[in-house]
Protein chains: 6
Amino acid sequence: MTTMAPAPVQELDEQIRAKLLRVGSANVANVLLARGFRNVMMLGLAPLADSQEQLVGPAYTLRFIPAREDLDSMANYGRDDNKHRRAIEECPSGAVLVIDAGGSTAASSMGDMMATRLRYRGVSGVVTDGGYRDSAAIAETGLPCYQQRNAPPATPIALHPIALDEPVGCAGVAVYPGDVLVGDRDGVVVIPRDLVAEVADAALDAVEYEEFAAGHIARGRSILGLFPATPDSRTEYDEWVAAGRPEME
Amino acid sequence: MTTMAPAPVQELDEQIRAKLLRVGSANVANVLLARGFRNVMMLGLAPLADSQEQLVGPAYTLRFIPAREDLDSMANYGRDDNKHRRAIEECPSGAVLVIDAGGSTAASSMGDMMATRLRYRGVSGVVTDGGYRDSAAIAETGLPCYQQRNAPPATPIALHPIALDEPVGCAGVAVYPGDVLVGDRDGVVVIPRDLVAEVADAALDAVEYEEFAAGHIARGRSILGLFPATPDSRTEYDEWVAAGRPEME
Amino acid sequence: MTTMAPAPVQELDEQIRAKLLRVGSANVANVLLARGFRNVMMLGLAPLADSQEQLVGPAYTLRFIPAREDLDSMANYGRDDNKHRRAIEECPSGAVLVIDAGGSTAASSMGDMMATRLRYRGVSGVVTDGGYRDSAAIAETGLPCYQQRNAPPATPIALHPIALDEPVGCAGVAVYPGDVLVGDRDGVVVIPRDLVAEVADAALDAVEYEEFAAGHIARGRSILGLFPATPDSRTEYDEWVAAGRPEME
Amino acid sequence: MTTMAPAPVQELDEQIRAKLLRVGSANVANVLLARGFRNVMMLGLAPLADSQEQLVGPAYTLRFIPAREDLDSMANYGRDDNKHRRAIEECPSGAVLVIDAGGSTAASSMGDMMATRLRYRGVSGVVTDGGYRDSAAIAETGLPCYQQRNAPPATPIALHPIALDEPVGCAGVAVYPGDVLVGDRDGVVVIPRDLVAEVADAALDAVEYEEFAAGHIARGRSILGLFPATPDSRTEYDEWVAAGRPEME
Amino acid sequence: MTTMAPAPVQELDEQIRAKLLRVGSANVANVLLARGFRNVMMLGLAPLADSQEQLVGPAYTLRFIPAREDLDSMANYGRDDNKHRRAIEECPSGAVLVIDAGGSTAASSMGDMMATRLRYRGVSGVVTDGGYRDSAAIAETGLPCYQQRNAPPATPIALHPIALDEPVGCAGVAVYPGDVLVGDRDGVVVIPRDLVAEVADAALDAVEYEEFAAGHIARGRSILGLFPATPDSRTEYDEWVAAGRPEME
Amino acid sequence: MTTMAPAPVQELDEQIRAKLLRVGSANVANVLLARGFRNVMMLGLAPLADSQEQLVGPAYTLRFIPAREDLDSMANYGRDDNKHRRAIEECPSGAVLVIDAGGSTAASSMGDMMATRLRYRGVSGVVTDGGYRDSAAIAETGLPCYQQRNAPPATPIALHPIALDEPVGCAGVAVYPGDVLVGDRDGVVVIPRDLVAEVADAALDAVEYEEFAAGHIARGRSILGLFPATPDSRTEYDEWVAAGRPEME
């Protein structure tokens, strides 16, 4: 596999992206729960490779419906106006391609040629509630990808691309174009677009507190009074931060 | 329950409708298979009541995506521009309301008030890949309805209406607006809109041949040479029809 | 089957019971949703018979864990201190026996002898997230019963009764002893015990408004401005009630 | 539907058949459990119609494997040596046609023409771990049938008949040709062929004891000391039988 | 992640633990089968990391039921008497925390802070029939953990801790406090507490015989007459052991 | 684990095998789709180890049915005429052992002793629609193996070997003896035996074209007009091949 030269990433404020690259999907889910959002983690999706980078980026969506034999021939599939192929060329750099496959793994949501192209174009990753073909080759591109399970049959056997960049459901969660996705080994969480900045701040704060708490726990302190944070432990943390985060004993 | 006074049914040629009211979904599926369509029966759907009428009509679609807490309050649900409620008022008389709920039974695709209104308006029936609430009361209206299984929680708990009358997937089958659905106790089959007239003819022909064959089988004749039809048995059938379908001995 | 002579029912205020016998599980779920309770409908349970009475009563629970060959012989099963058998004799008259079988249909949660005894003792019904044996005979007793699906193998093959009248999960919903269950054809809803009176009132009010709305819808009125209720339609309803609910035209 | 004139039933001793027509599948499962057989109830199968007769008869098996496009055309399907069609003509009168469809409901295990022929030929019933097409018409024939769920697509879309009358697995249970199946509303149980006579006797004995116990329970007696039977209650039962089963008070 | 300094392990005899660290879960299952225990392997659970240590230890249990909105706020979750948090502080060193989550992956059974604390306290591992959040960070602690699949949403969204150290069902197997669990890449097996010593001996004997057999098989010997062991092969093995297990040719 | 010394592989033309070792299962599926075969990828199977070799070889089949307690004792299991054990000794070198376990993971389709023997005998790999025990030890042998998920209980608990080398269904696909299987990280595809040579050629051609296309895509070229191939891009490829596949710029 030739080395990838990813194009520059855009559209999500770089400071927010930097924060979201440091937080876990579970941290984000907690922050959203505190704001009344309970259904934000995609269900049953797993990363294609344990070693892939953290996924962060705004959603650009592709929706499939079931294929029909007269519309979904291999000949039609190769047309340049096929929306599956258009999605690969039109998904913005920096964005995450979110595919609503209706949960079907009867045919592939993407193969390695498409993944190679997306990686080159600077797309941040791909999420499908179906699955991929050529999974080993996709993993080699380094593109962060999530799926339900492998789905090697050719796309037109079972899936027809019907719409681009509209609101979809994916793995049980609503995704509106521009919502921001964060994915790690736990899975993928969706942040409503208007809340991204505040959620990034709150999640990063939680991560930094957890680093503090983990240091204490690893030295033998109980989680009681420490995790989840209490007013007292929070004060202690603030003082530790103010002191320049000194080495724990 | 007050007696329903259904409005007149339109839009599907009445002769075609009359033919499709006499054929089974399995007959239609066979005719479509002979034309290369293999994936036409909706998966896992059952009629709400064994006694309901045969379902026949062109598709008018409603698509749901998962709900989100800030968008799907009960207050928003009651707005007149809510697409779930608009579907109930705008689905044409004679049509079938086909609901893509993403297969979710976490909330209701329809309740009895909506069914009562659809029945009054002359809508032919409702199909969802999710489920209904107030199922006993819906059954009383006589409206032919298909679902995966009961789904009594209020719609906004889990479902957000996002689009009307666009192509959808429902229970694993593509449904384009205007495709014609036929439902009986076996389930629901979808006929591509351009093929409806020829499929109705071919399916009715198959049903009439089956009545001939059933008469013979019930009198002890083997299915070999009789069912499926052979050229000889077909000739025999044609002669019997020409003779005015005389009583079998 | 000899005629049943059910014992008198107790423990739930008779006026509240009377109200809950008139409302649907979906009405109750709506009322609970308005109070912040989203997860109250048991998932995937169905009545044993379409014709069975409405289920209403406070919960008395039995919890099973998987069987183990040395503990769950048929000999041990017949002992009088077996908690499965104790539940049948100790579940209070008027209560609902709620069985947490861990969702297992590998063995029976109850058979017809037990159902006959419960019916005689005036128990209001039985709910399991597993299933029953002798389902036809149970249905004949008239006891309202809900299950996932038939589970005819003998109980000790797969289930061990471990505890009576403690909090359990059943079909995805928390059930604390004394919570009140309401079951109809849609399924079973659980009302937290401290909310029963107010929920019964609010649900009955909703049912009565729905009867008013259904009358109008059956006469051709749109659901817009009528269902869900608006302040104007509510005023109209109140006036109609004040006028003695006159016949609609 | 013309009236069926079923051919006479053979092969299973008529006295044994008469006994098995009186017992429930759960009774049979209990008797087999006492002899060390734990896995005898087919999983997830339901009768096609609640009103169908009890199923009793020795197994004659048909095994399907998945279809392949070059072998499973409609043309090949119509050949007289197709094993699916041969099964319909060769399954012995009195036997039960047991179909191993590998659990697939992607295509039909049988339709109404085949059911009509089997009924005429005196076959006792059909069991599949897949499903049927034309289910309403099959139910009308009166043939006792069990399936997982409706499967209306034409057989050659997904199933290829590969073998007749060999040992198969069906719905999780081993079925050897000649094993005897008993089916009621609970489902279907399989009796190893060498044990049929003794199992029929023991199951009938259990049923008769249960009738005795049910009489007492319906009159208010506790299940403790009565069900399951104890030595004392057994003695009481024997005396009641010896006394000519007098009316209970 | 700071280096863990696990506390010393207790309660299971160290010689027995040493034996069980050398055997596979499948060996243990075989030994239990020979004693009549058929249902001992937890179903559908997988290790969090392929590289994690073998899991061995006596069970300490935590049982969840579904959450309810009024009881399961984040505020209540942080209380020191919350049983989820108590389990983390009270599970004995050397024990395995076995969590009955009713099979739910709608919320987390444990996160990385809790895992860090358990590791420090010398707990041997964690088994849930639900799933974890922060799975990558848990894997880094080295704590052997088994789950169904990742479950990142916060615990109070769906789970309520209801009881500690009582008999539970977990992944289809009964677990009584003090039963000993053994987990490897195949999954987790449960040994009834009274049989631990004899099972450890018998399983280790089987492992040692398998090493002997594997040596022969890798040199070309047939499995017939060698595996499973025959009296002759067993004699040959005993002689080889008596000879000091000489290098095979 | 002692080093394996695999026996020489036979029966599949070595040139064809060499080609199939270079192509992906998805390439093969595409080539078969172009010839009208849509159902060729086994569903839901995964490789035992990500690092295992590509699987290529003709099918030799073993069919299981559910176990029965009187036939499937451990004593019977050890007999030399047990078909499970015969399969291990009789599966030809170079072939793939394909196991139809009816999809059951209630007991093991194979353990490490058997895998060691198969590896020594030069068998190419094993595919089951059930699962294995001793999965870590099997992975160490290097034998390419596919399964649904781990299934550690002893085989006779749930599976009875009934037939060798007959047509079977495995994971939803028909497998006739001599059909050739190709497995990679995506899963396993089945090639009908009469098409193996032409499918190998066409799949290898597709792979080589994809290498050409991937080189261009990695350098920034759009997939439009390049992938899937167009007549123009195909000409360009042919010229590049004729030019000796020069380094791309």
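The values are calculated or read from the model by the stated rules, or taken from the named source; none is laboratory data. Just so we're clear, the structure is a prediction, and the values are computed from it rather than from any experiment. Every residue, glycine among them, receives a Cβ derived from its backbone with ideal geometry; neighbour counts consider all protein chains shown. With ligands, DNA and RNA removed, areas are computed over all heavy atoms of the protein, side chains included. Shrake-Rupley method; radii C 1.70, N 1.55, O 1.52, S 1.80 Å.
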Inset, instruction - Would you mind checking which residues have amide H under 5 Å from E:C170's amide H? H placed 1.01 Å from N; only 5 or more apart, or other chain. - result: E:V175
Inset, instruction - Before rounding to the nearest 500, sum -39500 (n - 2.57) across all DSSP H runs of length at least 4 in chain C and divide by the residue total; then give [θ] at 222 nm in deg cm²/dmol. - result: -9500 deg cm²/dmol
Legend entry - Summed residue charge, Cβ within 9 Å of C:I88's Cβ, Lys/Arg positive, Asp/Glu negative: +2
Inset, instruction - Give the interface area between chains C and B as buried accessible surface, both sides summed, probe 1.4 Å, in Å² to the nearest 100. - result: 2400 Å²
Inset, instruction - Could you please report the charge total around A:T116, scoring K, R as +1 and D, E as -1 over all other residues with beta-carbon less than 15 angstrom from its beta-carbon? - result: +1
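Can you give the charge dipole size of region C:50-146 about its Cα centre, rounded to the nearest 20 debye, using +1 on the beta carbon of Lys and Arg and -1 on the beta carbon of Asp and Glu? Don't skip to the answer; put the middle values down first.
Details: 10 positive and 14 negative charges, 42 e Å.
That gives region C:50-146 a dipole magnitude of about 200 debye.
With charges only on Cβ, +1 for K and R and -1 for D and E, what is the dipole size of region C:199-242 about its Cα centre, in debye, rounded to 20? All intermediate terms of the calculation are to be shown ahead of the outcome.
Details: 3 positive and 9 negative charges, 56 e Å.
For this selection, approximately 260 debye.
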Inset, instruction - Find how many whole Å separate the alpha carbon centroid of region D:152-186 from the alpha carbon centroid of region B:128-164. - result: 35 Å
Legend entry - Positions from region F:123-138 whose accessible area shrinks by 50 Å² or more when the full protein complex is built, not the chain alone, probe 1.4 Å: F:R133
Legend entry - Euclidean distance between Cα centres, region A:216-247 to region A:8-65, Å: 28 Å
Inset, instruction - Run through the other copies and list how far each one's label point is from that of B:D50, in nm with one decimal, shortest first; the point sits 7 Å from Cα along Cα-Cβ. - result: 0.7, 0.7, 5.3, 5.3, 5.4
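Equivalent-ellipsoid semi-axes (√(5λ), Cα gyration tensor) for region F:113-190, whole Å, largest first? It would help to have the intermediate numbers written out before the result.
Working: eigenvalues 73, 56, 36 Å².
Semi-axes, largest first: 19, 17, 13 Å.
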Legend entry - Table column - 3J(HN,Hα) (Hz), region F:157-174, Karplus curve with 6.51, -1.76, 1.60, x for Gly and Pro: 4, 9, 10, 10, x, 10, 7, 10, 6, 10, x, 9, x, 9, 6, x, 10, 6
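Averaged across the residues of D:214-227, what count of C-beta atoms belonging to other chains lies within 10 Å of each residue's C-beta? Display every interim value, and only then the final one.
On the way: counts 8, 3, 4, 14, 10, 3, 5, 2, 7, 9, 10, 2, 2, 8.
Per residue, the number of nearby Cβ atoms from other chains is 6 on average.
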Legend entry - In Å², nearest 10: area of D:L195 left accessible to a 1.4 Å probe: 40 Å²
Inset, instruction - Grab the residue from chain C whose Cβ hugs the C-to-A rotation axis most tightly, plus its distance in whole angstrom. - result: C:R38, 4
Inset, instruction - Kindly provide log₁₀ I(q)/I(0) values, in the same order as q = 0.04, 0.06 Å⁻¹, from the Debye equation applied to equal alpha-carbon scatterers of the protein assembly as shown. - result: -0.25, -0.59
Inset, instruction - Kindly sort D:I88, B:I157 by accessible area of their heavy atoms, largest first, with the probe set to 1.4 Å. - result: B:I157, D:I88
Inset, instruction - Enter the accessible area per residue of region E:38-191 (Å², integer; probe 1.4 Å; all protein chains in place). - result: 25 Å²
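For every other residue with a beta carbon closer than 13 angstrom to the beta carbon of D:I65, add +1 if it is Lys or Arg and -1 if Asp or Glu, then tell me the sum. Could the numbers behind the result be given before it?
Working: positive: D:R63, D:R68, D:K83, F:R63; negative: D:D72, D:D100, D:E166, F:D100, F:D129, F:E166, F:D179.
Residues close to D:I65 contribute a combined charge of -3.
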Legend entry - Top positive-direction residue, dipole computed over chain E with Cβ charges, set E:M110, E:V126, E:P167: E:M110
Legend entry - For E:S73, label point 7 Å along C-beta direction: distances to other copies, nm: 2.0, 5.3, 6.4, 6.4, 7.2
Inset, instruction - Using the Karplus curve 6.51 cos²θ - 1.76 cosθ + 1.60 with θ = phi - 60°, work out ³J(HN,Hα) for each residue of region C:64-81 in order, rounded to whole Hz, and write x for Gly and Pro. - result: 9, 10, x, 6, 10, 4, 7, 9, 10, 7, 5, 5, 4, 4, x, 5, 6, 8
Inset, instruction - Keeping all protein chains in position, work out how much accessible area C:R185 exposes to a 1.4 Å probe, and write it in Å² to the nearest 10. - result: 70 Å²
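Can you pull out the trypsin sites (Lys or Arg not before Pro) in region F:25-73 that DSSP calls coil and that have at most 16 other Cβ atoms within 10 Å?
On the way: sites: F:R35, F:R38, F:R63, F:R68; in loops: F:R35, F:R38, F:R68.
When the trypsin sites (Lys or Arg not before Pro) of region F:25-73 are filtered for loop state and at most 16 Cβ neighbours within 10 Å, F:R35 remain.
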Legend entry - Label geometry 7 Å along the beta-carbon vector: B:A136 inter-copy distances in nm: 2.4, 2.4, 5.3, 5.6, 5.9
Legend entry - For E:T105, solvent-accessible area (1.4 Å; no DNA, RNA or ligand), Å²: 30 Å²
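Pairs of Cα atoms under 8 Å, at least six residues apart: use those to get the relative contact order of chain B, whole percent. It would help to have the intermediate numbers written out before the result.
On the way: 502 pairs, mean separation 69.2, N = 249.
Computed value for chain B: 28 percent relative contact order.
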Legend entry - Solvent-accessible area, 1.4 Å probe, carbon plus sulfur percent, for the protein assembly as shown: 49 percent
Legend entry - Kyte-Doolittle mean at least 0.5 and Cα axial length at least 27 Å: DSSP H helices in chain F: F:196-218
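So if I place +1 on the C-beta of Lys and Arg and -1 on the C-beta of Asp and Glu, and nothing else carries charge, what would the dipole magnitude of chain B be about its Cα centre? I want it in debye, nearest 20. Let's see the in-between values first.
Values: 22 positive and 35 negative charges, 120 e Å.
Dipole about the Cα centre, nearest 20: 580 debye.
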Legend entry - Solution diffusion estimate, µm²/s, Stokes-Einstein, region F:177-240, Kirkwood Rh from C-alpha pairs, 4 °C, viscosity 1.567 mPa s: 96 µm²/s
Inset, instruction - Determine the order of A:L159, B:L71 by accessible area, beginning with the largest, at a probe radius of 1.4 Å. - result: B:L71, A:L159
Legend entry - chain C - Rg (one decimal) and Dmax (whole number), Cα, Å: 20.2, 71
Inset, instruction - Rounded to whole Hz and in sequence order, give me ³J(HN,Hα) for region B:13-18 from the Karplus expression 6.51 cos²θ - 1.76 cosθ + 1.60, θ = phi - 60°, writing x for Gly and Pro. - result: 3, 5, 5, 5, 4, 4
